[in-house]
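I have placed the structure first, in the form of structure tokens, so that the comments after it can refer back to it.
Bear in mind that the values in this text are calculations on the coordinates, not laboratory data. Treat the numbers as computed from the prediction; the structure is a model and nothing was measured. Here the Cβ positions follow ideal geometry from the backbone for every residue, glycine too, while neighbour counts run over all protein chains shown.
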Amino acid sequence: MRWSCASVLFTFLFVGSAVGQVQNFYLRDGDRVTFYGDSITAQRFYTRDVQDFVQTRYPRLRVTYHNAGVPGDKVSGGYAGGAAERVNRDVLPWDPTVIAVMLGMNDGDYMSPDAKVFAEYQSGYEKLLGMLREAAPHAKITLLENTPYDEITHGTEFSGYMSTTGQNAHATPALGQRENLPVVDSYSPMVELLSRAKAANPSFASLLVTDRIHPAEPSHWIIAEALMKAWGVDPVVSKVVISAKTRAILKSSRTSIDGLSGDETSLQWSQMDEALPLPFNFDNGLMSFLLSISDLASYDQEILQINELPEGSYELTIDGTPIGNFSSKLLAMGVNLGTMKTPMWQQARDYDAEVEQRSDLERASLILSASTKVEDRGAGEKILREGEAEFDQRSETDLKIPAHHYMLKRVNDPSAKQ
């Protein structure tokens with residue numbers, strides 16, 4: 001293949017930009033991430049969201065993920081074995097380079113704050129961290145504060161237990177300081193979400209943590225966002241600023257633009273982004289509600305801004321798919337395509353579907369190893385891991401981002417978004 005000087009320069013700049021973005025991020029190419037926790041981790045929602053966040057934002061970053069969450073677990077372990085057995089079985093074989101730990105929901109024994117129980121939780125957590133360090137001496141460990149027991153949006157089954165989960169969460173920074181480990185505040189964002197939700201719509205609010213313990217699937221995005229903020233994720237998917245008057249690209253971030261043409265009222269161009277938007281389920285009413293009362297969309301910025309358009313309404317299509325009609329005023333302010341059903345969003349949704357199926361195999365593997373005494377379960381675990389690897393391979397294909405064709409033209413539509 002022959003390469004022109006311009007093509008080589010473009011490729012170098014494009015790849016160089018992507019590498020620069022990744023260098024500012026906590027994870028590195030080749031990292032192996034293990035999530036360790038209780039049933040909230042075992043739900044495989046925030047952990048899947050984290051994988052979606054990382055891989056759609058940095059598609060070239062090769063990271064593998066393992067979920068070691070077990071329902072009912074405490075820092076001392078649970079039905080699937082004590083902490084030592086759990087670490088040896090569910091962490092050690094994966095040789096993680098990064099471990100994210102979230103425990104504390106079950107460690108208050110579902111009662112009001114109790115000094116003895118709290119002391120056991122603290123000492124048990126320190127012992128667990130020692131085991132994790134011994135099993136993975138080179139791994140970076142991040143501690144996530146436990147989420148709250150919800151006594152905000154509806155009645156309580158265990159009166160006063162929210163105070164206990166608050167005590168456990170608020171003790172985590174001091175633990176992190178003693179252990180010289182970073183701590184993510186995932187408690188406060190959930191409390192704030194529940195409070196805002198109750199004020200905005202009490203009916204929806206009660207669905208965010210239906211049983212008061214386990215966040216609903218959309219709510220896990222708040223936990224994932226907290227971790228991504230702490231790990232320094234770039235909030236920008238892409239940003240494009242175009243002058244309609246001069247047909248000039250005034251700014252482009254994390255993307256490349258080619259073939260910009262047209263006139264003041266009709267523009268078209270080809271765009272190849274470095275990243276994909278997050279695969280939010282816009283058909284889920286609770287997800288839409290959560291987006292409306294949180295800052296989650298600010299970490300999914302796929303911005304299109306068109307300046308100097310004649311006043312009016314404009315239709316945007318991408319690859320021939322109608323995205324929406326927007327006023328010239330709104331386009332001049334910038335629209336966030338990350339909140340819309342675009343071809344890029346659909347690609348991210350396809351990727352998420354592969355991750356979800358892989359999670360099902362991983363869950364089956366844990367059940368097989370921790371909850372059965374099948375004589376040849378080792379062979380079963382091997383097959384399930386091979387299946388996980390196949391989904392990982394498919395996922396890499398799903399993350400190959402193509403160029404997309406954009407068209408913007410003036411229309412007469414009084415219903416344009418203002």
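Quick notes on this one:
- In the list (i) 30, 29, 22; (ii) 65, 28, 19; (iii) 42, 26, 18, the label attached to semi-axes √(5λ) of the Cα gyration tensor in Å as derived from the coordinates here is (iii).
- Highest to lowest packing among 356-366, 170-180, scored as the average C-beta count within 10 Å: 356-366, 170-180
- Residue exposure sequence - Ser266, Ser253, Ser203 - by fewest surrounding Cβ within 10 Å: Ser203, Ser266, Ser253
- For a straight C-alpha distance cut-off of 27 angstrom, the lysines reachable from Lys239 (same-chain residues fewer than eight places away being disregarded) are Lys229, Lys251, Lys329, Lys341, Lys400, Lys409, Lys417.
- 222 nm mean residue ellipticity, helices alone, for the chain (DSSP H n ≥ 4; -39,500 (n - 2.57); rounded to 500): -13500 deg cm²/dmol
- Cα gyration tensor shape for the stretch 154-260, rounded if a/c is under 1.5, else prolate or oblate: oblate
- Here the chain is treated with +1 on each Lys and Arg Cβ and -1 on each Asp and Glu Cβ, and its dipole about the Cα centre works out to around 900 debye.
- Charged neighbours of Leu278, selected by a Cβ distance under 11 Å, balance to -4 (K, R count +1; D, E count -1).
- A simple spin-label model places the labels of Arg62 and Gln177 4.1 nm from each other, with each point 7 Å out along Cα-to-Cβ.
- In this entry, the stretch 236-418 is assigned a mean projected area of 12.5 nm², taken as a quarter of its C-alpha convex hull surface.
- Note on the chain: GNM, Cα springs under 10 Å; of Glu311, Glu264, Glu274, the largest mean-square fluctuation is that of Glu311.
- Here the stretch 185-310 carries DSSP beta bridges of which approximately 65% are antiparallel, counting only pairs with both residues inside.
- For the chain, a Gaussian network of Cα nodes joined below 10 Å ranks Pro402, Pro71, Pro189 by mean-square fluctuation, and the top entry is Pro402.
- Packing-based exposure ordering (other Cβ within 10 Å, fewest first) of Ser219, Ser288: Ser288, Ser219
- Counting neighbouring beta carbons within 10 Å and listing from fewest to most, the residues Arg385, Arg57, Arg44 come out as Arg385, Arg44, Arg57.
- Pairwise centroid distance, computed over Cα atoms, of the stretch 234-294 with the stretch 108-170, Å: 41
- DSSP-defined antiparallel bridges as percent of all bridges, the chain, nearest 5: 55
- If you run the Gaussian network model on the chain, springs between alpha carbon atoms under 10 Å, then out of Ala389, Ala83, Ala297 the most flexible one is Ala389.
- Neighbourhood charge, 11 Å Cβ-Cβ cut-off, centred on Tyr110 and excluding it, Lys, Arg +1 and Asp, Glu -1: -3
- Other residues within the sphere of radius under 11 Å centred on the Cβ of Thr397, judged by their own Cβ, net out at -3 (K and R +1, D and E -1).
- Across the stretch 257-272, coupling constants 3J(HN,Hα) worked out from phi with the 6.51/-1.76/1.60 Karplus curve, θ = phi - 60°, read 10, 9, x, 5, 8, x, 9, 4, 10, 8, 10, 8, 6, 10, 9, 10 Hz, and Gly and Pro carry x.
- Between helix 161-179 and the chain: long-axis angle, C-alpha atoms, 0 to 90°, nearest 10: 90
- Summary of the geometry: the stretch 295-317 and the stretch 216-230, compared by the centres of their Cα atoms, lie 25 Å apart.
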